[in-house]
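Enquirer: Here's a structure for you.
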Amino acid sequence: MRIGVPTEIKSDEFRVGLVPGSVRELTARGHEVIVQSGAGAGIFADDAAYERAGARIVKSADEVFFDAQMIVKVKEPQKVEWKRLKADQILFTYLHLAPDAPQAIGLMESGATAIAYETVTDANGGLPLLAPMSEVAGRLSIEAAAVALRRPTGGRGVLMGGVPSVKPAKVVVLGGGVVGTHAARMAAGLGADVSILDRSLPRLRQLDELFEGRVRTLASTMETIENEVLAADVVIGAVLIAGASAPKLVNRAMLKEMKKGAVLVDVSIDQGGCFETSRATTHAHPTFEVDGVIHYCVANMPGAVPVTSAQALNNATLPFVMKLADKGLAAFDRDPHLAAGLNVKSGRITHAAVAASLGFDSLEGSKNARIAAE
């Protein structure tokens, strides 16, 4: 199969779909890899490194999309990219379609087969291609919060871990999954006062054992969320429903009662965000303020540490890329977990949670996507 790797064009995105080591694995199996010149610059992998791995370098994204049978990316395709897709192509990348009707319609109109990293599953019910970036984002969320808490950046002027005789910051983590666990680990490691809220009692028991009492575990109810958020210096939004829009757990009314200069970090922003006042931001302009509360809502947080995150992502995605390269769409028949990643095929939304989030009554209803979206 001919596999194409274009340069990522989302704002401040420095990751790359395939690192040279992954290219080497694919070319060794007889596949052809076409890489846009400069695609690896963000991870300090030059064109020569890709050529040594067996890739063919082309000058433009147009050439990549024209020649490739499968496009492997990191972030969701931008408008100029989905217009390049063809009906006989496979797109394998993060999509996050639930809050993004224009992209969904663009992919449907292209006729391409679009597979989303974030809905591929594993035998344990996990999301193996989302997990590595959730680990990175969870850890980064505390770094971002620590900076945003500083007074020169508009925050409360609270040191995350405090000092002897002065209490530390109170950090509330909404969601005890991969993002929440890694955020709590970082915050606790800095000495913060940390609470994790989750709806699953078995998960809370696991977290209590994991952190050995260093982190409070609380059942997530409307009352508990409100009480914890109003007392917090930092709130990390780490909720996820695979393929669907994130639920809004913190509303505008609660913001008015929060501490002035408190920080909200919405890691769920790729799925629409879990705070009512969230809107996507970039690394260049990461924060904004509403009612005296600082919001950090960068939609591609792991892009800030591309050397780490691109390699971590490739470690997870490469086995699935190989299956698709070896078997094409027949790989779905052999691997139901990969099949769970299928979001768009032959002009239709094929993932139930995505269809529901976009407002379609059913998967069949996705045939009338333009009408539904309007």
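The values are calculated or read from the model by the stated rules, or taken from the named source; none is laboratory data. Since this is a predicted model, take the numbers as computed values, not measurements. Don't worry about glycine lacking a Cβ; one is built from the backbone with ideal geometry, like all the others, and counts go over all protein chains shown.
Enquirer: Going through A284, A331 one at a time, which residue ends up being over 15 Å from the mean Cα position of the chain (by Cα), under 21 Å from I115 (Cβ atoms) and either not acidic (D, E) or not in a helix (DSSP H, G or I) (or both)?
Expert: Values: A284 fails: under 21 Å from I115 (Cβ atoms).
Result: A331 is the single residue among A284, A331 that is over 15 Å from the mean Cα position of the chain (by Cα), under 21 Å from I115 (Cβ atoms) and either not acidic (D, E) or not in a helix (DSSP H, G or I) (or both).
Enquirer: A further question follows. Would you pick out the residues in the range 216-261 that are over 17 Å from the mean Cα position of the chain (by Cα) and among the hydroxyl-bearing types (S, T, Y)?
Expert: Residues of the range 216-261 over 17 Å from the mean Cα position of the chain (by Cα): 216-235, 248-261.
Once the filter is applied, which keeps residues that are over 17 Å from the mean Cα position of the chain (by Cα) and among the hydroxyl-bearing types (S, T, Y), the range 216-261 yields T217, S220, T221, T224.
Enquirer: Is there any pair with a first residue in the range 62-86 that is on the phi > 0 side of the Ramachandran plot and a second that is not polar (S, T, N, Q) whose Cβ atoms are under 6 Å apart and which are 6 or more apart or on different chains, and what are they?
Expert: none
Enquirer: Suppose the filter is touching a Phe, Trp or Tyr at 6+ places or on another chain (Cβ under 7 Å) and either hydroxyl-bearing (S, T, Y) or free of Cβ contacts under 8 Å to residues at least 24 places away in the same chain (or both); does T93 pass it?
Expert: Yes, satisfied.
Enquirer: While we're looking at this one, here's another question. Under 8 Å between Cβ atoms, which residue pairs at least 6 apart in sequence (or on different chains) link something in the range 319-331 that is over 12 Å from I3 (Cα atoms) with a partner that is buried (at least 21 other Cβ atoms within 10 Å of the Cβ) and hydrophobic (A, V, I, L, M, F, W, C)?
Expert: Going by the 8 Å Cβ cut-off, the qualifying pairs are F320/F92; F320/V120; F320/L129; F320/L338; K323/L338; L329/I90; A331/L324; A331/L338.
Enquirer: Let me ask another. Using the structure shown, decide if R15 is in contact with a Pro (Cβ under 8 Å, 6 or more places away or on another chain), over 18 Å from K86 (Cβ atoms), surrounded by fewer than 17 Cβ atoms within 10 Å (Cβ to Cβ) and not polar (S, T, N, Q). Spell out how you get there, then give the answer.
Expert: Numbers: in contact with a Pro (Cβ under 8 Å, 6 or more places away or on another chain): yes; over 18 Å from K86 (Cβ atoms): yes; surrounded by fewer than 17 Cβ atoms within 10 Å (Cβ to Cβ): no; not polar (S, T, N, Q): yes.
So R15 fails the test.
Enquirer: Here's a follow-up. With the requirement that a residue be in contact with a Lys or Arg (Cβ under 9 Å, 6 or more places away or on another chain) and crowded, with 21+ Cβ neighbours inside 10 Å, what does the range 153-174 give you?
Expert: If the condition is that a residue be in contact with a Lys or Arg (Cβ under 9 Å, 6 or more places away or on another chain) and crowded, with 21+ Cβ neighbours inside 10 Å, then V158, A169 are the ones that fit.
Enquirer: If you scan the range 217-245, which residues turn out to be over 25 Å from L127 (Cβ atoms) and assigned to a helix (DSSP H, G or I)?
Expert: Within the range 217-245, M222, E223, T224, E226, N227, E228, V229, L230, A231 meet the criteria.
Enquirer: Also, quick follow-up: Report whether or not H295 is touching a residue at least 12 places away in the same chain (Cβ under 8 Å), in the same structural domain as V239 (by TED's automatic domain parsing), more than 17 Å from E76 (Cα to Cα) and not polar (S, T, N, Q). Before you say what the answer is, go through the steps one by one.
Expert: Details: touching a residue at least 12 places away in the same chain (Cβ under 8 Å): yes; in the same structural domain as V239 (by TED's automatic domain parsing): yes; more than 17 Å from E76 (Cα to Cα): yes; not polar (S, T, N, Q): yes.
In short, yes.
Enquirer: Right, next: Considering only residues that are more than 25 Å from the chain's Cα centre (by Cα) and free of Cβ contacts under 8 Å to residues at least 12 places away in the same chain, look in the range 125-158 and name the one that is nearest to S268 (Cα to Cα).
Expert: Of everything passing the filter in the range 125-158, R150 is nearest to S268 (Cα to Cα).
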